[in-house]
Amino acid sequence: MRLEGSDGARRNARRLRREMTPPEIGLWLALRRNPHKLRFRKQHSAGGYVLDFYCAPAMLAIEVDGEAHACGDRPSRDAARDAWLAAQGLYVLRYPASEVLNNLEGVVDQILEIATRRRDALEG
């Protein structure tokens, strides 16, 4: 299934690709060179949203959440976004930015294990 983004989300995704945070950059570099030959996209538009990372064969979205995700209405907005993505058949993984910075190898191992399992289940 091809996940399409709105015009505004595509424009926002282009901007966000240029403005990635240090945790996003570290995770991107690690995901790009994975031994499972899984292809990840960075800042991928989906509907009106932009996913930090997306693995299409696994229907998997990965989000790196900074401190702002715990403030104000962000938790409820994130929950609504995750519900919309789930309705599209995506599984969403969320990691605090601090965990990505402090445990990159563990985060990458978990992402690759889940992505490989989902890809295999969807193919077979």
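Points 7 angstrom from Cα along the Cβ direction at R10 and I114: gap in nanometres?
A separation of 2.9 nm, rounded to one decimal place.
Whole-Hz Karplus ³J(HN,Hα) for the stretch 98-113, in order, using 6.51 cos²θ - 1.76 cosθ + 1.60 and θ = phi - 60°, x for Gly and Pro?
Residue by residue, the stretch 98-113 yields 5, 5, 4, 5, 8, 9, 4, 4, x, 5, 5, 4, 5, 4, 5, 5 Hz.
Whole number please: convex hull volume per residue, Cα atoms of the stretch 1-54, in Å³.
Value for the stretch 1-54: 67 Å³ per residue.
What ranking do 98-110, 53-65 get when scored by the average of other Cβ atoms within 10 Å per residue, highest first?
Numbers: 98-110: 14.8, 53-65: 21.6.
Going from most to least packed, we get 53-65, 98-110.
Could you size up the charge dipole of the chain around its Cα centre, putting +1 on the beta carbon of Lys and Arg and -1 on that of Asp and Glu, and report it in debye to the nearest 20?
Approximately 660 debye in magnitude.
Near the amide H of L93, under 5 Å away, which other amide H atoms are found, from residues 5 or more places off or on another chain, if H is placed in the peptide plane?
A61, I62, E63
What list of ³J(HN,Hα) values in whole Hz, one per residue of the stretch 48-56 in order, does the Karplus curve 6.51 cos²θ - 1.76 cosθ + 1.60 (θ = phi - 60°) give from phi, with Gly and Pro shown as x?
x, 10, 10, 8, 4, 9, 9, 10, 4
Counting DSSP beta bridges in the chain, what percent are antiparallel, to the nearest 5?
Antiparallel bridges make up about 55 percent of those DSSP assigns within the chain.
Which value in nm describes the separation of the simple spin-label points at L101 and H36, placed 7 Å from the Cα toward the beta carbon?
2.7 nm
What is the chain's relative contact order, in percent, from Cα pairs under 8 angstrom and six or more apart in sequence?
On the way: 163 pairs, mean separation 33.2, N = 124.
Relative contact order of the chain: 27 percent.
What percentages make up the Cα-Cα pair-distance distribution of the stretch 75-116 when the bins are 5 Å wide from 0?
5, 20, 22, 19, 21, 12, 1
Among I111, M59, V100, which residue has its Cα furthest toward the positive end of the charge dipole of the stretch 19-124, with +1 on Lys/Arg Cβ and -1 on Asp/Glu Cβ?
The residue sitting farthest along the positive end of the dipole is M59.
None of the figures in this text is laboratory data; all of them are computed from the coordinates on show. In this text, all values refer to a predicted model and were calculated from it rather than measured experimentally. FYI the Cβ positions are ideal-geometry reconstructions off the backbone, even for glycines, and counts take in every protein chain you see.
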